[in-house]
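Have a look at the structure below before the remarks.
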Amino acid sequence: MSTKEQCFETQAIRTQLEKSPFNEHSSPIYLTSSFTFEDAESMRAVFAEETEQYSYSRFNNPNSQELIDKLCLLEQAEAGYSFSTGMAAIYCSFAALLKAGDHILSCSCIFGSTLSIFNNIFPDRDIHTSYFDFYATEEEIEQLVLPNTKVIFLESPTNPGVDLVDLELINRIAKKHGLLFIVDNSFATPYLQTPVTWGADLVLHSATKLIDGQGRVCAGVALGKKELIHRIYLFSRTIGASLAPFSAWILSKSLETLHVRVDRHCENALAVAQFLENHLAVETIKYPYLPSHPQHHLAKRHLRQGGNIIAFRVSGGLNGANRFIDSVKLCSRSANLGDTRSIVTHPATTTHGRLSVAERQAIGIYDDLIRLSVGLENVKDLITDLDQALKQVTETSDGKL
């Protein structure tokens with residue numbers, strides 16, 4: 001059986017570096033800044049890219065290569081490159097592929113820092129962005145395509161509202177207009193969704209999230225067509241945004257348990273979502289695998305399971321949201337997600353806090369919105385904690401519900 005014929009779990013566990021003379025079972029960590037050469041000619045050939053050999057860890061390193069080899073198999077991509085953070089992956093990928101005068105077409109529901117790059121940094125470089133809603137029709141999106149549009153970009157599920165974008169529809173638009181199709185797949189991971197199979201040219205990840213899954217390192221990756229990755233590699237190795245060997249080693253080991261962790265994340269999240277859906281203090285809730293999700297049919301088509309992120313609105317506006325967040329005891333208060341530990345986040349004042357009120361509300365981020373990243377704790381304990389915190393939201397002045 002070839003490596004490409006193996007199942008996801010086997011690829012994630014058994015793809016590793018060639019063993020050293022010590023015949024180690026687990027890949028070692030290559031904590032070296034540079035590598036040596038046998039002679040002047042071999043050094044010249046490597047730097048001229050005539051032969052492949054590790055030369056400098058800002059360019060590549062055995063640990064980052066093992067990580068990329070695994071992720072390419074899991075995402076069904078031709079090549080990849082790893083970065084120090086997810087935002088480094090976002091910035092370097094777009095900066096490497098676009099030039100002054102180019103135009104990006106993006107879904108409006110994306111991570112706040114990505115919006116900041118598109119709205120505040122790229123315009124100074126004469127790169128501009130137009131936005132479409134996740135529920136926009138094919139005709140409505142096509143009306144936004146300009147002669148200088150080069151890229152169509154999206155997250156699905158979206159951050160933080162866990163809405164979905166039809167990858168098949170976007171691919172059809174991209175191919176019709178000759179656009180690069182780029183997907184941020186951080187929420188789903190390759191275990192739940194492989195955008196390449198839906199036509200994506202490039203897939204980006206904040207590996208800080210579920211790929212690490214234990215709150216230890218920051219990292220990002222870009223995966224996709226070999227020609228695109230080579231352009232991103234040449235840009236990024238000069239910028240110096242590459243991933244450190246130790247972090248790459250951690251992430252490569254994390255991938256070995258990704259399927260086990262995500263299965264439990266999804267199992268817990270569905271149970272929590274079902275609980276929240278019936279709670280008096282919850283005004284609205286979105287979780288892709290709840291039948292009540294307006295795009296449930298799309299979730300069942302694109303996603304293997306529902307993921308670990310739940311978006312819900314609580315009673316009482318901003319005060320209600322703050323009271324809920326202040327009342328949790330088991331869940332962590334943090335802006336991260338995808339951790340073994342459950343995390344509550346208030347997007348309006350954290351991840352999307354730099355947006356104006358109008359900008360936030362246009363993409364469904366209200367003062368009463370909570371993003372819940374469901375972890376691996378016992379689900380009964382999680383529900384108990386959420387229930388007692390929600391009771392604080394609905395509690396009357398005399399202490400009765």
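The values are calculated or read from the model by the stated rules, or taken from the named source; none is laboratory data. Since the structure is predicted, the reported quantities are computational estimates derived from the model, not experimental observations. Backbone-built Cβ (ideal geometry, glycine too); neighbour counts: all protein chains shown. Just so you know, the surface numbers come from the protein's heavy atoms only, side chains and all, with ligands and any DNA or RNA stripped out. Shrake-Rupley method; radii C 1.70, N 1.55, O 1.52, S 1.80 Å.
Odds and ends about this structure:
- Once region 129-172 is narrowed to residues that are over 18 Å from G224 (Cβ atoms) and among the aliphatic types (A, V, I, L, M), the residue that is nearest to the chain's Cα centre (by Cα) is V162.
- Condition met for S247 (open to solvent by less than 10 Å² (accessible area, probe 1.4 Å), among the hydroxyl-bearing types (S, T, Y) and within 19 Å of the chain's Cα centre (by Cα)): no
- Residues that are acidic (D, E) and touching a Cys at 6+ places or on another chain (Cβ under 9 Å), drawn from region 154-199: E155, D163
- Counted residues, region 31-51 - those being within 28 Å of S206 (Cβ to Cβ) and open to solvent by 70 Å² or more (accessible area, probe 1.4 Å): 2
- Test: residue in region 53-69 that is of a type in the set (A, V, I, L, M) and in contact (Cβ under 8 Å) with a residue 12 or more places away in the chain: yes
- Which listed residue is over 17 Å from the mean Cα position of the chain (by Cα), without any contact (Cβ under 8 Å) to a residue 40 or more places away in the chain and open to solvent by less than 10 Å² (accessible area, probe 1.4 Å), from A281, A269, A273: A273
- Selection of first residues in region 313-329 that are open to solvent by 60 Å² or more (accessible area, probe 1.4 Å) and of second residues that are part of a strand (DSSP E or B), restricted to Cβ pairs under 7 Å at least 6 apart or on distinct chains, gives the following pairs, ordered by first then second residue: R313/E283; R313/T284; R313/L369.
- Hey, R323 under 22 Å from the mean Cα position of the chain (by Cα) and either over 15 Å from V162 (Cα atoms) or at pLDDT 95 or above (or both) or not: no
- Residue within region 208-220 that is open to solvent by less than 10 Å² (accessible area, probe 1.4 Å) and part of a strand (DSSP E or B) present: yes
- Those residues of region 350-382 which are open to solvent by less than 10 Å² (accessible area, probe 1.4 Å) and under 20 Å from S206 (Cα atoms), in sequence order: H352, R371, L372, S373, V374, G375
- Counting residues in region 296-311 that are open to solvent by 10 Å² or more (accessible area, probe 1.4 Å), touching a strand residue (DSSP E or B) at 6+ places or on another chain (Cβ under 9 Å) and at pLDDT 95 or above gives zero.
- Residue match in region 332-349 (condition: crowded, with 19+ Cβ neighbours inside 10 Å, farther than 20 Å from V162 by Cα and at pLDDT 95 or above): no
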